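Notes to accompany the following structure.
The values are calculated or read from the model by the stated rules, or taken from the named source; none is laboratory data. All values derive from a computational prediction rather than experimental measurement. Because the Cβ atoms are built from the backbone with ideal geometry, glycine has one as well, and the counts that use them run over all protein chains shown.
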Ligand SMILES: [Zn+2]
Ligand SMILES: [Zn+2]
């Protein structure tokens, strides 16, 4: 598989609270690694928008992404995006942002349940199995609502809590216990005409799997899903494109022949070659 075709649709710059490098430096790294295209998708957490000054973060990310796009003349192609967290917890704020900044691409993510902290802070060891089941059910229901709202372009890292519950705390979670809930999420994705992300960051974390994993991607295809985006969730220039070829191979195994990128919020299908 040609490395020239690598497209990374989920990356973070220093304009994310957990990012490290400038958009310009990220583009240098992408060009050096031979990436064809990348999307900058810095965090904007809608549920804590005011307290954490996301208006400023969002504008800074947006304009620095545009500047990097202008400087690199299509090598790599730069999509100006955002990772919109918890959009459905405050729809007016989310809509105002999307009407103000004209992104190419919007990832919709859920990092926490309403009023709770990020799943990375979940006290897994002091939570019963029934407690975990309830959290996962609520999580999938929030993902379903986000997909049904449909004003994002892709659903980011579905099954994110497992990164901590299974990956970092070694707790077993059988996704077959949530087949109804997961199917409802995937049907909402398809009904809204949006995409599903294969997030490859988990391949390099303790969970050792893409998010979501192969069985969920296969189910999405089985239900009629057609639009897949792939992203590394890189927070360092050196991590750009990590796991993308593995994610592409997984997509192929599940029956996908094309990847999707978004420009001006419109899907463009790119054959996987
Ligand atoms: Zn995220
Ligand atoms: Zn991210």
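For residue 77, indicate whether it is touching a strand residue (DSSP E or B) at 6+ places or on another chain (Cβ under 7 Å) and surrounded by fewer than 23 Cβ atoms within 10 Å (Cβ to Cβ). Taking the combined requirement at face value, the residue satisfies it. Among the residues of the range 88-99, none qualifies, meaning not one is touching a strand residue (DSSP E or B) at 6+ places or on another chain (Cβ under 9 Å), surrounded by 23 or more Cβ atoms within 10 Å (Cβ to Cβ) and under 20 Å from residue 35 (Cβ atoms).
May I ask you to verify whether residue 119 is within 16 Å of ligand 1 (Cβ to nearest atom), over 21 Å from residue 194 (Cβ atoms) and within 21 Å of the chain's Cα centre (by Cα)? Considered against the rule, which asks whether it is within 16 Å of ligand 1 (Cβ to nearest atom), over 21 Å from residue 194 (Cβ atoms) and within 21 Å of the chain's Cα centre (by Cα), residue 119 comes out as yes.
A single entry from 107, 46 fulfils the requirement of being over 22 Å from residue 198 (Cβ atoms) and within 16 Å of ligand 2 (Cβ to nearest atom): 46. All of (1) closer than 19 Å to residue 102 by Cα; (2) touching a strand residue (DSSP E or B) at 6+ places or on another chain (Cβ under 7 Å); (3) surrounded by fewer than 15 Cβ atoms within 10 Å (Cβ to Cβ) hold for residue 70 with one exception: (2). Of all residues in the range 14-37, those satisfying the criterion of being within 16 Å of ligand 1 (Cβ to nearest atom) and in contact with a strand residue (DSSP E or B) (Cβ under 6 Å, 6 or more places away or on another chain) are 15, 16.
Residues are listed down the side, and each one gets a yes or a no for (1) within 27 Å of residue 148 (Cα to Cα); (2) modelled with pLDDT under 95:
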residue	(1), (2)
25	no, no
37	no, no
41	yes, no
50	yes, yes
60	no, no
79	yes, no
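Selection of first residues in the range 129-157 that are on the phi > 0 side of the Ramachandran plot and of second residues that are more than 13 Å from ligand 1 (Cβ to nearest atom), restricted to Cβ pairs under 7 Å at least 6 apart or on distinct chains, gives the following pairs, ordered by first then second residue: 150/192; 150/194.
Taking the criterion of being more than 20 Å from residue 106 (Cβ to Cβ) and surrounded by 15 or more Cβ atoms within 10 Å (Cβ to Cβ), the residues of the range 220-239 that qualify are 221, 236, 237, 239. How about the range 109-141: which of its residues are crowded, with 18+ Cβ neighbours inside 10 Å and closer than 23 Å to residue 229 by Cβ? Answer for the range 109-141, where residues must be crowded, with 18+ Cβ neighbours inside 10 Å and closer than 23 Å to residue 229 by Cβ: 109, 110, 111, 112, 119, 139, 140. When restricted to residues that are in contact with a helix residue (DSSP H, G or I) (Cβ under 8 Å, 6 or more places away or on another chain) and farther than 24 Å from residue 94 by Cα, the range 36-66 contains 1.
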